[in-house]
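Chemist: Sharing a structure with you now.
The values are calculated or read from the model by the stated rules, or taken from the named source; none is laboratory data. Bear in mind that the values here come from a model prediction, so they are computed numbers and not experimental data. Every residue, glycine among them, receives a Cβ derived from its backbone with ideal geometry; neighbour counts consider all protein chains shown. In case anyone asks, the SASA skips ligands and DNA or RNA and just uses the protein heavy atoms, side chains included. Shrake-Rupley method; radii C 1.70, N 1.55, O 1.52, S 1.80 Å.
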Amino acid sequence: MLDSTLLLWILLILGLGKLLGMLAERLGFPSIVGELLVGVLLGPMVLGLITDTAATHEIWNNLGTLASLGVLFMMFIIGMSINVETILKNNARSATAITLVGASLVFVAATFFTLVVDLAMGQELYYSLAQACVVGVALTSTSTVIGFKFLSDIGDRFSNVFKTLVAVEVTDGIFSIVLFAVLLSVLGVFQKMIGGGGLDFGQLLQVIGFKSFTILMLVIGFIILVIKFGGAVANRLLGISRRTGEDQSIITLSLIILFLVAALSDWMDLTPVIGAFLAGAILAGSPFSETVIAPKIKAVGYGLFIPIFFAYTGLQMNFGALLGGASLFGIPYYFLLFLMLLGGVMGFKYLGALVGCSYAGMKPLDARKIGCSAICVGEDTLVIAQIGATVTLTAGKGLITPEIFSVLGMLIIVTSLITPFLLKWTFSAGERPMPVMARGGAGVKHRRKIM
């Protein structure tokens, strides 16, 4: 049953989200920044108009359900805009190299930084290590949405940079999900060992190896099955649906494919997010994709569910927690953690892109463009963090606390703000003329060669 309070919350989110989203775009930032700030403004941090209290808890959960649908629609739309099979065939080498180097370095650095800060605050070793690993996994996710938007705005959707970014979106998602699934399995065994009174590191290593192999095979097999055979089935069904002469039947069938593949993905422990992306990839080759399906799905997704997701994320943030609590040399621990993670994520993601592109034989300028796009923390970070908040090692305390969640949210906002500037600088640097060189009394302009 609909509640007037929920309708009012949606009204506030959509109305203010549209205004701040347009303002952010006018200032040269992605609309996601404005939509995240909507949640911060409406939430307990500022105005307190939308809060999770005993009286509004059920309404809050309903808003969370709408936000979860926003994630599915966002990944579905991204999947529809690309041909995953072709892109992975041509760009798998560079994307895999970028992911393995960049994501691995980020995982190690983020885990180490979080563990150091947790132990400095006096947290228990077991809990701190588990929390640090969840943070490390969450930050391996990369958001290439800003890179996609920037390249689309300048009409560069068919370049090798764009195709590589799409492939990185896929490989990063696989890496994050496989790593997180393995981590959850290890934590389950770890918890049982603690309850049993001792740790068997040999058994832990066996679990890690076995789970890593089985989950990776499961993910790859599922992707191959969906892309190879799902597209043919979807096209046949859409063709039958088209005979009715109504576009609504095509949209309904597209949504059925979305929720079916997302449900199958969740059933296989791959999270519905990846399933939604693959469902979009299934329909990407359909003759109705660009003309019928994409416009109407985008209208629903970007008009309702996606803004609610970003606002809901902002509602859960408490940036005041970053500046409160215990401190080291006058710097609050959580703010110190934010600075360390920001430098580690940006530096190692950029380095991973340069190394991966170099291995794949890409041009240096293209590598820098991809590196600048890859530094943005991904939306999947919030999904992993929300799951991590439900995992407990000690009674009633999730691995992702509100303070850690706020740190991750701030990383998304800050990297989303920084990325457009770096992209603009990188692209303009490729066209920038060299200084005038005096030779024989005559000034000669030498233009820098674009690599």
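Chemist: Ignoring ligands, DNA and RNA, what percent of the 1.4 Å accessible area of the range 256-349 is carbon and sulfur? Could the numbers behind the result be given before it?
Modeler: Numbers: 2710 of 3840 Å².
Exposed carbon and sulfur together represent 71 percent of the surface.
Chemist: Pop the C-beta distance of LEU11 and ASP247 into the FRET formula with R0 = 25 Å and round what comes out to the nearest 0.05. List each step's numbers first, then the result.
Modeler: Values: r = 29 Å, r/R0 = 1.14.
So the FRET efficiency works out to roughly 0.30.
Chemist: Additional query: Work out, step by step, the length gained on full extension between LYS363 and LEU184: first 0.36 nm times the residue separation, then minus their alpha carbon distance; give nm to one decimal. The partial results should precede the final answer.
Modeler: Numbers: separation 179, 0.36 × 179 = 64.44 nm, distance 3.88 nm.
Using 0.36 nm per residue and subtracting the Cα-Cα distance, I get 60.6 nm.
Chemist: Okay, moving on. Can you flag which of LYS18/LYS397; LYS163/LYS397; LYS18/LYS424; LYS163/LYS296 are past 31 Å Cα-Cα? Mind dumping the intermediate values first?
Modeler: On the way: LYS18/LYS397 36 Å; LYS163/LYS397 42 Å; LYS18/LYS424 25 Å; LYS163/LYS296 25 Å.
Going by Cα-Cα distance, LYS18/LYS397; LYS163/LYS397 fall outside the 31 Å limit.
Chemist: Once the piece of chain linking THR53 and SER104 is laid out straight, how much longer is it, given 0.36 nm per residue of separation minus the C-alpha distance between them? Could you put the intermediate results ahead of the total?
Modeler: Numbers: separation 51, 0.36 × 51 = 18.36 nm, distance 3.93 nm.
Gain on stretching THR53 to SER104: 14.4 nm.
Chemist: What distance in nm separates the simple spin-label points at LEU27 and VAL46, each placed 7 Å from Cα in the Cβ direction?
Modeler: Taking the simple label geometry, LEU27 and VAL46 are separated by 1.0 nm.
Chemist: Note the full-extension length gain between ILE331 and LYS18 as 0.36 nm times their separation in residues minus their Cα-Cα distance, in nm to one decimal.
Modeler: Values: separation 313, 0.36 × 313 = 112.68 nm, distance 3.60 nm.
In short, 109.1 nm is gained.
Chemist: As a test of reading the structure, rank MET317, MET45 by solvent-accessible area (1.4 Å probe, protein chains only), most first.
Modeler: On the way: MET317 5, MET45 70 Å².
Per-residue accessible area, sorted high to low, gives MET45, MET317.
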